[in-house]
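What follows is a set of notes on a single structure, which appears directly below.
The values are calculated or read from the model by the stated rules, or taken from the named source; none is laboratory data. From a predicted model like this one, the values you see are computed outputs, not experimental measurements. Note that each Cβ is placed from the backbone with ideal geometry, even for glycine, and that neighbours are counted across all protein chains shown. Side chains included, ligands, DNA and RNA excluded: accessible areas come from the protein's heavy atoms. Shrake-Rupley method; radii C 1.70, N 1.55, O 1.52, S 1.80 Å.
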Amino acid sequence: MLPIDAAAHSNRWRRRHPLDKAVLALGLTALAVSLPAWPGAPLVALAALTALLGPARVEPRRLWRAYRVPLGFCLTGALPLLVQLGGDGAPPGLAPGGPAEAARLLLRTSAASLGLLLFAFTTPLSDVLPRLTRVGVPPAVTDVALVTYRFTFLLLDTLARVRQAQAARLGHTTRAATWRSLAGQGATVFLRAFARAARMQAGLAGRGYDGTLRVLVSGAPVSRPFLAGSLLLLAALAAATLVLERLLP
Amino acid sequence: MHIAEGFLPPWHAAAWTAAAAPFVVHGARSLTRLVREHPGNTLLLGASGAFTFVLSALKIPSVTGSCSHPTGTGLGTVLFRPPVMAVLSTITLLFQALLLAHGGLTTLGANVFSMAVAGPWAGYGAYRLLRRLGAPLTAAVFTAAFTADLVTYCVTSVQLALAFPDPAGGFPAALAKFGSVFAVTQLPLAVAEGVLTVLVIRLLTQA
Amino acid sequence: MTCEPPGRDPEPAARAAGGPAGTGLPPVVELARAAYAYADGPPVLSGVTFAVHPGRSLALLGRNGSGKTTLLRLLSGGLRPSAGELRLDGRPVGGGRAELTRLRTSVQLVLQDPDDQLFAASVGQDVSFGPLNLGLPPEEVDRRVAESLAALEIAALRDRPTHLLSYGQRKRAAIAGAVAMRPRVLLLDEPTAGLDPRGRERLLAVLDRLRATGTTVVMATHDVDLALRWADEAALLTPRGPRTGPAAGMLADPALLSAAGLGPTWGHAAARVLRAHGLLDGGVTGPSFPRTPEELLAWAGGAGGGDTGARHHGDAGDTAGTRGAGDTGGAEDSGDAAGGAEGTGGAGDARGSGGA
Amino acid sequence: MTCEPPGRDPEPAARAAGGPAGTGLPPVVELARAAYAYADGPPVLSGVTFAVHPGRSLALLGRNGSGKTTLLRLLSGGLRPSAGELRLDGRPVGGGRAELTRLRTSVQLVLQDPDDQLFAASVGQDVSFGPLNLGLPPEEVDRRVAESLAALEIAALRDRPTHLLSYGQRKRAAIAGAVAMRPRVLLLDEPTAGLDPRGRERLLAVLDRLRATGTTVVMATHDVDLALRWADEAALLTPRGPRTGPAAGMLADPALLSAAGLGPTWGHAAARVLRAHGLLDGGVTGPSFPRTPEELLAWAGGAGGGDTGARHHGDAGDTAGTRGAGDTGGAEDSGDAAGGAEGTGGAGDARGSGGA
């Protein structure tokens, strides 16, 4: 239902330990943000894209659909950089360094987003959430996040069907109808969320639910070669950027 | 309006994370307390988080013709109070980053500060104030949602203006620029979210 | 099983499915070579041609996942076919707003879970949703709400909040919301799921009354006995596409039922056994198979016990619907006659794969 | 109908319900004069005495709203009776943690909607929840997860996210979560609701295997035909309390069924008709009524068509369960004999009120 989530669950790297993928993918994002955008960002983007389409085998069409979201924000967000508002009532004009800075920003965001997408497309949240307690997140919070994850899909399902039922009864013909429909969607989802919570409590009680949602997290252990390879790649990218930065214009 | 992954320079990203952290930690403490009081609260809070997420997936028609999504924090903050809302919105923002590529991890702190802290607290403050002044529930709820949305957008503009000051006019000019770019979409959205929140609350109180 | 190949020959049924003999009326709504696939999934339906003729009660049968719900959503305009087209009164339905409105005032779909359709605070408010969206004046909206609630026998629930209703009441409230659109075709997805025997009887009686007032009712179900009892036309969703024909004949064909992943019906099995012993061809008149256990018992009474049998038959007929014994008789007889002896073979077959 | 008062007399059934004759084993879990009312509601159950004996397959039958779910929740400790008591192995269960743990490792309830039980992001994680709450070490939890997934035939789904499963898969995942607690008694609320015929066959086969390994299975349903086919003991929830007895006998009693708001079964109706014509007392051996339409056809084959009949019978028996024909035979015969002629009357009665 959420394309990234569905892809993550069937991804080729699904069985890798989340830490493996976090070091590589989020390391790439961190490099994209902290290295000079030129030539760092294109190098990072290239590495992330290679990993996504190569070994992780993410479908290009799916990747593009997800990638459009941050690009859209970035394009709108970079617009103001092109313009300069002079102080003291001077008329607005083109900012001298504007296009260059906007381009750098665009490069940085595209590269950083690819790193994030590499993680998102290979690592389902179900593998991440129960492990968050090990990095210091309070168990109560990860439990709530776990329930949020499960309920989100149930409620999105509800929302889709409510919309469908409303459309059948012409719920989107007029402005008034649209607002009536939206209010109905919000209220239905709200009531459904809490009815579900109450029923789930009854459902879990028999299995010894005491307020803590213990689950057995299984899966492959952290791979040392993969980690070492990732760190090596990150170091190489950083070094290449710093060297190339001096050689390139 | 989520700041995309990589959009903020590293120091800004780190600073906003530090600014948001105390609120989220405080929220996590009150959440842990709630869960300890009653085991069922985990499920209720999870349901609230999912509700917030799904609410932000509603498509609201806006004057510009396109559809936009509400933040959902206005209704949430009235129902669940700002400290808990800080945690729930943080979870929602994490999910949005990883499930929808809305926002990001390096910009999570900045987004949490605007959407999970500043917006909800402002909305809640407005709600309490109006209720204390004897305003009807619908007016207070509308103001809460409108304020939460508007403050979120203002804070985001400040965050961007601080990161990208205008070469000539500095921070104030940059704020004016970012503010006007996003005002086109965000002001009507704040009104729309206010209206929607009132309609939902009315349905819920009738039911 | 294997010694009776004719039982598996789908030809007789294919011929029966060929034309909706009897009514000369053109279909209200139809899909022509339609295909549909959900995002990133394999096609659920492809090359499907399916027509809903007016005045019928049509049962749409198939396994879970066979595409029943998708078919209903395509027919009601909730999904647009990725290939092929949807036609209303013979004309293709495009994506235009006016066209969709025309479709939705003609065809209404009721989802399986009533909670997905009830989104207003009270039953009356919920039912008024559709008529209000049609832009009708308040008095007319009020009249339609009252009328549909009465049709579903829930007039007394008008001001009740929807979440305080029982499951059966919610189910009827959801149908009332669709009925208030005054559709010519009412599509119901598993309407009896979750209802107990009495709730099911009440709903079937309501549907029969709707049908008597001219509404064509299509019901998706995987309960073959219910379909045999209620429908006069059946569409079986097999992996090779839907096969449509008179219900009594279609549901007597073990090969077809097996292809759709379904087993034989009690009604046909009982009729076949009784016929094998020469009990049905004799003195019994009326439908050629029992629709309910009560009807079966009534026959036993009629054949063996004398007087009481006839009275029970009347009783059972009462709830089995408003259809007389005669009006589906012709189709049933031909279907049964074709399926007689071979039935047992195919039935055993279906069973074998079901248990695997 | 009114000319046969004995048909309505509940006495024979009451006697039948008196004792679970046959097994001398004391009940695993039982309610003694228990009552329950939801907040601000009238009592759903009051003065209910109900016992689950080991080694049975017990069907709990009643209308929607008759208290089936409440009874199951009381038995599983999910609700505490407002009066009366719950006993496990003869000893009252209090509210103490140790006692509740003892109850939970003995009795497990699976709710009708699997989404009320599946909270975790993946199937394996969800099933591990119960064993982890028992404080078992990870390796043991892992073993139990693998074992219960295998028992439900969904080992391949272990790492699949719950939200991408089909309805039937979620249903089985929810049952696996309960089975991982290794309960002696497994309570299932409407386990076949929403499943298509094949899904139902698969689930019944799984339940039969669980039963073969010593688990007592209790199933709440309003499908009398399913109960007759599957259960060896039946409990009918009438307004005057639950009535328990051998399934074949109980479900042949039209007065009892009518009191519980249910109609007659196809299987008994068919058996009665065949018996009325002298067809069953003759050459046919095995169970005294058909469990499925296939079994009914097999009889027709056996009585009229010769060879094929026997083979079909074997086929049908395969999926009808692991229970032999003999082990419920005695009970059925007495029930049937008592209900014989009067049956028709009571059935007509139930039907009449159902349609009203």
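With all distinct Cα pairs included, what does the Kirkwood hydrodynamic radius of chain A come out to in Å, to one decimal, could you say?
21.7
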Using the structure shown, select from C:68/D:171; B:59/C:171; B:59/C:68 the pairs with a Cα to Cα distance greater than 23 angstrom. B:59/C:171; B:59/C:68
Considering only the label points, 7 Å along Cα→Cβ from Cα, what distances in nm to one decimal separate residue D:26 from the same position in each other copy, shortest first? 7.8
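In debye to the nearest 20, how big a dipole does region D:15-264 give about its Cα centre with +1 on each Lys and Arg Cβ and -1 on each Asp and Glu Cβ? Before the final figure, lay out the partial values.
Working: 29 positive and 25 negative charges, 83 e Å.
Its charge dipole is roughly 400 debye.
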Report, in whole Å, the centroid distance computed from the Cα atoms of region A:185-205 and region A:211-244. 38
Between chains B and A, what is the buried accessible area summed over both chains (1.4 Å probe, protein heavy atoms, nearest 100 Å²)? 5800
Enumerate the residues in region A:11-34 having an amide nitrogen under 19 Å from the point lying 7 Å beyond the Cα of residue A:239 toward its Cβ. A:24, A:27-28, A:31-32
Total accessible area buried between chains D and A, 1.4 Å probe, in Å² to the nearest 100? 2900
Any idea what the residue D:137 label distances to the other copies are, label 7 Å down the Cα→Cβ vector, nm, shortest first? 8.2
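Take peptide B:151-164, look around each residue's Cβ out to 10 angstrom, count Cβ atoms belonging to other protein chains, and average those counts.
On the way: counts 0, 0, 0, 0, 0, 1, 1, 0, 0, 3, 1, 0, 2, 7.
Average per residue, whole number: 1.
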I'd like the FRET efficiency for residue D:150 and residue D:25, computed as 1/(1 + (r/R0)^6) with the beta carbon distance as r and R0 of 22 Å, rounded to 0.05. 0.20
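How crowded by other chains is A:68-80, given as the mean number of beta carbons from other chains within 10 Å of each beta carbon?
On the way: counts 1, 8, 12, 2, 1, 10, 5, 1, 7, 11, 2, 3, 15.
The per-residue average across the peptide is 6.
Quantify how strongly other chains surround peptide C:157-166 by giving the mean number of their Cβ atoms within 10 Å of each of its Cβ atoms.
Values: counts 0, 0, 0, 0, 2, 3, 4, 1, 0, 2.
Averaged over the peptide's residues, the number is 1.
Given N residues in region C:15-264, what is Rg(Cα) / (2.2 N^0.38 Å)? Intermediate results must be reported in sequence, preceding the final value.
On the way: Rg = 17.7 Å, N = 250, 2.2 N^0.38 = 17.9 Å.
Working it through for region C:15-264, the quotient is 0.99.
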So if I take the centroid of the Cα atoms in region A:132-148 and the same for region B:1-39, what is the distance between those two points in Å? 13
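Let me spell out the model: positive unit charges on the Cβ of Lys and Arg, negative unit charges on the Cβ of Asp and Glu, origin at the Cα centre of region C:106-243. What dipole size does that give, in debye rounded to 20? Could the numbers behind the result be given before it?
Details: 17 positive and 19 negative charges, 44 e Å.
So the magnitude is around 220 debye.
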Summing -39500 (n - 2.57) over every DSSP H run of at least 4 residues in chain B and dividing by its residue count gives a helix-only mean residue ellipticity at 222 nm, to the nearest 500 deg cm²/dmol, of -24500 deg cm²/dmol
Of all DSSP beta bridges with both partners in region C:15-264, the antiparallel percent, nearest 5, is 55
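Rounded, prolate or oblate: which fits region C:119-252, taking a ≥ b ≥ c as square roots of the Cα gyration tensor eigenvalues, rounded meaning a/c under 1.5, else prolate when a/b beats b/c?
Values: a/c = 2.36, a/b = 1.78, b/c = 1.33.
Verdict is prolate for region C:119-252.
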Expected response for nearest chain C Cβ to the C-D rotation axis, distance in whole Å, is C:266, 2
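Of the peptides C:237-250, B:19-32, how do they stack up when ordered by the mean number of other Cβ atoms within 10 Å, highest first? It would help to have the intermediate numbers written out before the result.
Working: C:237-250: 22.5, B:19-32: 17.9.
Averaged packing, sorted descending, gives the order C:237-250, B:19-32.
Return the FRET efficiency for the residue pair residue A:232, residue B:180: r is the Cβ-Cβ distance, R0 is 41 Å, and the value is rounded to the nearest 0.05. List each step's numbers first, then the result.
Working: r = 46 Å, r/R0 = 1.13.
Efficiency, from the Cβ-Cβ distance: 0.30.
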If a/c stays under 1.5 just call it rounded; otherwise compare a/b with b/c (prolate if a/b is bigger, oblate if not). Do that for region A:171-249, with a ≥ b ≥ c from the square roots of the Cα gyration tensor eigenvalues. oblate
Give the accessible surface of region D:15-264 per residue, rounded to a whole number of Å², with probe radius 1.4 Å and ligands, DNA and RNA excluded. 33
For region D:182-196, what does the Karplus curve 6.51 cos²θ - 1.76 cosθ + 1.60, with θ = phi - 60°, yield as ³J(HN,Hα) per residue in whole Hz, taken in order and with x for Gly and Pro? 6, x, 7, 10, 10, 9, 10, 9, 6, x, 9, 4, x, 8, 7
Positive-end extreme of charge dipole, chain B - chosen from B:167, B:118, B:46 (charges on Cβ): B:46
Accessible-area composition of chain A, carbon plus sulfur, in percent [1.4 Å probe]: 67
Compute accessible area for region D:168-196 by itself and then with all protein chains, 1.4 Å probe, and report residues whose area falls by 50 Å² or more. D:196
With the crude spin-label approximation of a point 7 Å out along Cα→Cβ, what separation in nm comes out for residue D:98 versus residue D:80? 1.8
Kyte-Doolittle cut-off 0.5, length cut-off 27 Å along the helix's own axis using Cα: show which whole DSSP H helices in chain A pass. A:98-122, A:139-168, A:224-247
How far apart are the residue D:91 label points across copies, placing each 7 Å from Cα toward Cβ, in nm, shortest first? 7.9
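What 222 nm value per residue comes from the helices of chain A, counting each DSSP H run with n ≥ 4 as -39,500 (n - 2.57) and dividing by all residues, nearest 500 deg cm²/dmol? Display every interim value, and only then the final one.
Numbers: 9 runs with 178 residues, N = 249.
That calculation yields -24500 deg cm²/dmol at 222 nm.
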Once label points are set 7 Å from the Cα along Cα→Cβ at both residue D:49 and residue A:1, what is their separation, rounded to one decimal in nm? 4.8
Specify whether the C-alpha gyration tensor of chain B places it in the rounded, prolate or oblate class, a ≥ b ≥ c being the square roots of the eigenvalues: rounded for a/c under 1.5, otherwise prolate if a/b is larger than b/c and oblate if not. oblate
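Which value, in Å², gives the accessible area per residue of chain A when a 1.4 Å probe is used on the protein heavy atoms? Please list the in-between numbers first.
On the way: 10020 Å² over 249 residues.
I get 40 Å² per residue for this part.
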Histogram of C-alpha separations across region A:131-206, 10 Å bin width, %: 17, 35, 26, 15, 7, 0
Separation between the residue B:33 and residue D:182 pseudo-spin-labels, each 7 Å from Cα along Cα→Cβ, expressed in nm? 4.2
Enumerate the amide H contacts of residue C:238 below 5 Å, restricted to partners 5 or more residues apart or on another chain; note that Pro and chain-start residues carry no placed amide H. C:243
Report the D-C buried area as the accessible area lost on both sides summed, probe 1.4 Å, in Å² to the nearest 100. 5200
